[in-house]
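The values are calculated or read from the model by the stated rules, or taken from the named source; none is laboratory data. What you see is a predicted model; the values in this text were computed from it and never measured. Neighbour counts are summed over all protein chains in view; Cβ atoms, including those assigned to glycine, are modelled from backbone coordinates with ideal geometry. SASA here: full protein model, heavy atoms, side chains in, ligands and nucleic acids out. Shrake-Rupley method; radii C 1.70, N 1.55, O 1.52, S 1.80 Å.
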Amino acid sequence: MIEIKNLTKTFKGADGSFEALKNVSLTINDGDIYGIIGMSGAGKSTLVRCINMLERPTEGKVLIDGVDMGALSEKELRSVRRNVTMIFQGFNLLMQRTCLGNIMFPLELAGVKRAEAKKRALELLDTVGLPDKAEAYPAQLSGGQQQRIAIARALATDPKVLLCDEATSALDPKTTHSILELIRDINRKLGITVIIITHQMSVVEEICNHVAILDNGTVVEEGDVATVFSTPKSKAAKRLVFPDGNDGLVYTPKEDEHILRVVFHGSEAASAPLITQMALDISITPNILSASTRTIGGKVFGNMLLGIPGGEESLRLAVDYLERVDDVITEEVTSDVK
Amino acid sequence: MLNDLFTSETVREAWEIFISEFPMALWETFYVTVVSTLLAIIIGMPLGVLLVAGEKNGVLPLPAWLMQTLGVIINLLRSVPFLILMILVFPISRLIVGTTVGTVALIVPLTIAAFPFVARLVESSLRELNPNIIEAAQSMGASPMQIIVKVMIPECVPSLISNATIAVTTILGYSAMSGIIGGGGLGSIAINYGYYRYKTLIMILAVILLILLVQLFQTLGTKLTVKCDKRLKK
């Protein structure tokens, strides 16, 4: 278990100090795939670097299985880091070493015998699906392949925790998907706790079970992925879940028309012909501006934008009608329709 | 002047000297250059590493006063013109090799002039390394020494070789000034015959050989750099 307690990190620059993290507290359970999502500059990278003490927090503590990381000496820290490994956006492989050499590198640092390290590295090349790339150099590989080698390198010392710092941000969607699949496999088969730092909603949706939303150095929302993403409460969360206001929708409401967002939780609510039923039952005929369904954490979510004609009164009626159904949440959209 | 250059007399004379003195001079220049470069690398390389690793944000932060002192010494030695430095280090040459003239004595000022230069070249090579790679090594539990020996230096080998080539050719240029203090080599032939005795043809021959030596070192260096760089493998 990783406990982050009241973590604050202040950077002192020439022109004053900057608080990158403000009083952040999170608990990450063993076996979790925990997403930490936020816009650039939200403090995500600083937070993940505080977990393995690449950055020393200004205040607060990080406990990994009860061990206070901040209290360890540099030497102790170096051995703990073999248990909490990391992969990066830029892969950061040693360009002058072969793939095999890269995977052997952390073992070499740990003083493992060469023959043993080589055996382990070859196994790991198999695990990440690149058994034929042992003697290849990183420059000869594609981005996705390089990240696979980086993952193999991170697994070499049998870690308990894998930190992923924007690990898929430099990859195309298809490759991202395959890397995420690999990470999920590793999480399931080896029971490694995974912490994923990202600015991409799709990454969190695809593999995380827990998520924390970081904005301006503070955690604004935290919890189960399905809950946080279906009913985002904070402004930052909404911005992430519905980017560009409404998935890029451009619409000018007519006079007397109100825009209503309807979110359906779960496949039952999403499959019922609710809007048609509403038109029949209370004679409000909404204009469907956008509709989408997606799967988050294994549950189906529907998200719909309706133009409700007939002024305040019919908006109120529509909201009452829709909200009486379980698993349906509505919200009037005012400012974010362009 | 050009008419005088290729008279049968000058050509014959040049040929005689070319046969009798040039092989030895060529060897002396080569030998002095290579030995001085090696010594300069032995002293300059660790200093160059310290210049990068010892910084405040480096992998092995050293006290600020030490870093400043190191910087000042290197800059000081680099600012003294080689001609003056050769004369200034006479006492040191006498102390180390027992004499101030001749080929071996020349190695002392060459090394002293070249090691600060090498330190700066090593520094610039190491600074090219992507800092994220160092961070990755730290995240794997590498100690400062491991980062220097297993990451910084091996990852910079192509750039280090390329800079070593620059060092060799520069030192070769310095060694040619040795004629002034009675050192050997092609440089002293060029000065002794060409400048003091107006035998221009001999001077030109010596210069041509120096150019060929520079070409040789540069070609070898470039080839080796490309061969070592695994980023260029396709």
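For segment B:85-166, what relative contact order do you get, as a whole percent, if you take Cα pairs closer than 8 Å and at least 6 residues apart? Write out the running numbers ahead of the final one.
On the way: 45 pairs, mean separation 21.3, N = 82.
Value for segment B:85-166: 26 percent.
Taking 2.2 N^0.38 Å as the expected size of a compact globular protein, what ratio does the Cα radius of gyration of segment A:188-244 give against it, to two decimals?
This ratio for segment A:188-244 stands at 1.15.
Let me check against my output: what whole-number percent is the relative contact order of chain A, with C-alpha pairs under 8 Å and at least 6 apart? Present the calculation step by step, with values, prior to reporting the outcome.
Numbers: 641 pairs, mean separation 59.0, N = 338.
Reported as a whole number, the value is 17 percent.
Between the DSSP loop rule and a limit of at most 16 other Cβ atoms within 10 Å, which chymotrypsin sites (Phe, Trp or Tyr not before Pro) in segment B:1-90 are left?
B:Phe6
Extending each Cα 7 Å along its Cβ direction at A:Thr293 and B:Ile166, get the distance between those two points in nm, one decimal.
6.4 nm
Could you bin all the Cα-Cα distances of segment A:53-202 into 5 Å bins starting at 0 and give me the percent of pairs in each, rounded to whole numbers?
Distribution as computed: 2, 9, 18, 21, 20, 15, 9, 4, 1, 0 percent.
Work out which residues of segment A:136-184 lose at minimum 20 square angstrom of accessible surface when the other protein chains are put back, relative to the chain isolated, with a 1.4 angstrom probe, and list them by number.
Those are A:Tyr137, A:Ala139, A:Gln140, A:Arg153, which lose 20 Å² or more relative to the chain on its own.
Which value, in nm² and rounded to one decimal, describes the direction-averaged projected area of the C-alpha convex hull of segment B:107-192?
Its Cα hull, projected and averaged over all orientations, spans 6.4 nm².
Taking springs between alpha-carbon atoms closer than 10 angstrom, which of B:Ala137, B:Ala190, B:Ala167 fluctuates most in the Gaussian network model of chain B?
Looking only at B:Ala137, B:Ala190, B:Ala167, the largest GNM fluctuation is found for B:Ala137.
Consider all pairwise Cα distances in segment B:74-125 and report the whole-number % of them above 14 Å.
For segment B:74-125, the share of Cα pairs beyond 14 Å comes to 51 percent.
Which of the peptides B:193-205, A:154-166 is most tightly packed, and how do the rest follow, going by the mean number of other Cβ atoms within 10 Å of each residue?
Peptide ranking by packing, descending: A:154-166, B:193-205.
What do you get for the angle between helix A:311-323 and the principal long axis of chain A? Use alpha-carbon atoms, 0 to 90 degrees, nearest ten.
Here the helix axis deviates by roughly 60 degrees.
How large is the charge dipole for chain A, taken about the Cα centre, if only the Cβ atoms of Lys, Arg (+1) and Asp, Glu (-1) carry charge, to the nearest 20 debye? List each step's numbers first, then the result.
Numbers: 37 positive and 45 negative charges, 379 e Å.
Dipole magnitude for chain A comes out near 1820 debye.
Taking the alpha-carbon distance from A:Lys9 and a cut-off under 18 Å, which lysines remain once sequence neighbours fewer than 8 residues away in the same chain are dropped?
Reachable lysines: A:Lys22, A:Lys44, A:Lys61.
So between B:Asn132 and B:Leu95, what do we pick up on full extension, going 0.36 nm a residue minus the alpha carbon distance?
Gain in length upon complete extension: 8.7 nm.
For segment A:54-102, just run the numbers: alpha carbon Rg, then divide by 2.2 N^0.38 Å, N being how many residues it has.
Details: Rg = 14.2 Å, N = 49, 2.2 N^0.38 = 9.7 Å.
Relative to the 2.2 N^0.38 Å estimate, segment A:54-102 comes out at 1.47.
Across 5 Å bins from 0, what is the distribution of all Cα-Cα pair distances for chain B, in whole percents?
1, 6, 12, 15, 15, 13, 11, 9, 7, 5, 3, 2, 1, 0, 0
Taking chain A as a Gaussian network, Cα atoms linked when under 10 Å apart, which of A:Asp185, A:Asp15, A:Asp320 shows the biggest mean-square fluctuation?
A:Asp15
What distance in nm lies between label points placed 7 Å from Cα along the C-beta direction at A:Asn83 and B:Leu216?
Once both label points are built, they end up 6.0 nm from each other.
Across 10 Å bins from 0, what is the distribution of all Cα-Cα pair distances for chain A, in whole percents?
5, 22, 27, 21, 14, 8, 3, 0
Could you tell me, in Å, what Rg and Dmax come out for the Cα atoms of segment B:38-95?
Looking at segment B:38-95, its Cα Rg and Dmax stand at 14.0, 42 Å.
Aspartates and glutamates near A:Lys12 by alpha-carbon distance under 19 Å, same-chain residues fewer than 8 away left out - which ones?
Partners found: A:Glu55, A:Glu59, B:Glu55.
Compute log10 of I(q)/I(0) for segment A:9-59 with the Debye formula, placing one identical point scatterer on every Cα and leaving out solvent, at q = 0.32 Å⁻¹, to two decimals.
Values returned for q = 0.32 Å⁻¹ are -1.38.
When the helix-only estimate is applied to the protein assembly as shown (DSSP H runs of n ≥ 4, each -39,500 (n - 2.57), divided by the residue count), what is the mean residue ellipticity at 222 nm, nearest 500 deg cm²/dmol?
Details: 24 runs with 289 residues, N = 572.
Helices in the protein assembly as shown give a 222 nm mean residue ellipticity of -15500 deg cm²/dmol.
If the chain between A:Arg184 and A:Asp158 were fully stretched, how many nm would it gain, using 0.36 nm times the residue separation less the Cα-Cα distance?
Details: separation 26, 0.36 × 26 = 9.36 nm, distance 1.60 nm.
So the chain would gain 7.8 nm between A:Arg184 and A:Asp158.
Of B:Ile153, A:Thr85, A:Gly223, which is farthest towards the positive pole of the protein assembly as shown's charge dipole, taken about the Cα centre with +1 and -1 on the beta-carbons of Lys, Arg and Asp, Glu respectively?
B:Ile153
Find how many whole Å separate the alpha carbon centroid of segment A:1-47 from the alpha carbon centroid of segment B:45-84.
36 Å
Considering only B:Met67, B:Ile202, A:Gly310, whose Cα is most displaced toward the positive end of the charge dipole of the protein assembly as shown, charges sitting on Cβ of Lys, Arg (+1) and Asp, Glu (-1)?
The residue sitting farthest along the positive end of the dipole is B:Ile202.
So which trypsin sites (Lys or Arg not before Pro) in segment B:1-106 are both in a DSSP loop and have at most 11 other Cβ atoms within 10 Å of their Cβ? Mind showing how you got there, number by number?
On the way: sites: B:Arg12, B:Lys56, B:Arg78, B:Arg94; in loops: B:Lys56.
Loop-located and lightly packed - B:Lys56.
Ignoring ligands, DNA and RNA, what percent of the 1.4 Å accessible area of the protein assembly as shown is carbon and sulfur?
59 percent
Taking θ = phi - 60°, what integer Hz values does the Karplus form 6.51 cos²θ - 1.76 cosθ + 1.60 yield along segment B:29-46, in sequence order, with x for Gly and Pro?
So the J values, rounded to whole Hz, are 4, 4, 5, 4, 5, 5, 5, 5, 5, 4, 4, 5, 5, 4, 7, x, 4, x.
Pull up the DSSP beta bridges for chain A and report the antiparallel fraction as a percent, rounded to 5.
70 percent
Could you calculate, for the protein assembly as shown, the ratio of the Cα radius of gyration to the Kirkwood radius, expressed as Rg to Rh?
1.18
Only Cα pairs under 8 Å and at least 6 apart count here; give the relative contact order of segment A:75-192 as a rounded whole percent.
38 percent
Is there a quick way to get the dipole size of segment A:152-236? I mean about its Cα centre, with the Cβ of Lys and Arg at +1 and of Asp and Glu at -1; what is the value in debye to the nearest 20?
I would put it at about 180 debye.
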